[in-house]
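Note sheet for the following structure.
Taken together, the values in this text are just the output of simple stated rules run on the coordinates, not laboratory data. Note that the structure is predicted; figures quoted are calculated from it, not measured.
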Amino acid sequence: MNDKTETPNLFDPLGLMKNLRDSNMEQWSKAMLEVVNSDTFASAQAESLNIWLSSSAPFRKLLEDTLTRTLGLLQFPTSDDITRLAERLTNVEMRLDDMDAKLDQLLESKNR
C-alpha cells in the first residue's frame, strides 16, 4: 500500500480512506503552494498587515500611555527615563575624557 502505483485492497476500508486522504492532502498542498507563491497573495497579505497595524495603533498608544502612568505611580523608570540617564552618563564620560586629555597635556607641558 505504500507504493502509489499499487492498486488498493478493496477489503481494507481504512486503507482506501488513507489513500483518499493522502491524495487529497497532496492536491491541497499543490493548490496552496500555487496560491501562497503568487504575487496577488503577497500583496493581499501586505495590505492586511497594513490595515491591522493602522487599526491597532490607537490601542498601542493607549497601552503605552497606561504603562507609562503605571510605572510612574510605582516609581519605576520608563524607557525614556533610562534613555535620558544614558545620555547624561555619556556626556559625563565625554567630559571626563576631555579633562583627562587636558590634564595629560598640562603634565607634559610641566615636564618639559
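Extension gain for Arg88-Leu71 works out to 4.0 nm (0.36 nm per residue, less the C-alpha to C-alpha distance).
Shown in residue order for the stretch 53-62 are the 3J(HN,Hα) couplings computed by the Karplus curve 6.51 cos²θ - 1.76 cosθ + 1.60 at θ = phi - 60°: 5, 5, 6, 8, 4, x, 5, 4, 4, 4 Hz (x for Gly and Pro).
Against the chain, whose longest principal axis comes from its Cα atoms, helix 13-36 is set at around 40 degrees.
Using Cα atoms only, what is the angle between the long axis of helix 79-111 and the major principal axis of the chain, expressed in degrees (0 to 90) to the nearest 10? Relative to the chain, helix 79-111 is tipped by roughly 40 degrees. If you count Lys pairs in the chain whose Cα atoms are under 28 Å apart, skipping same-chain pairs closer than 8 places in sequence, the total is 4.
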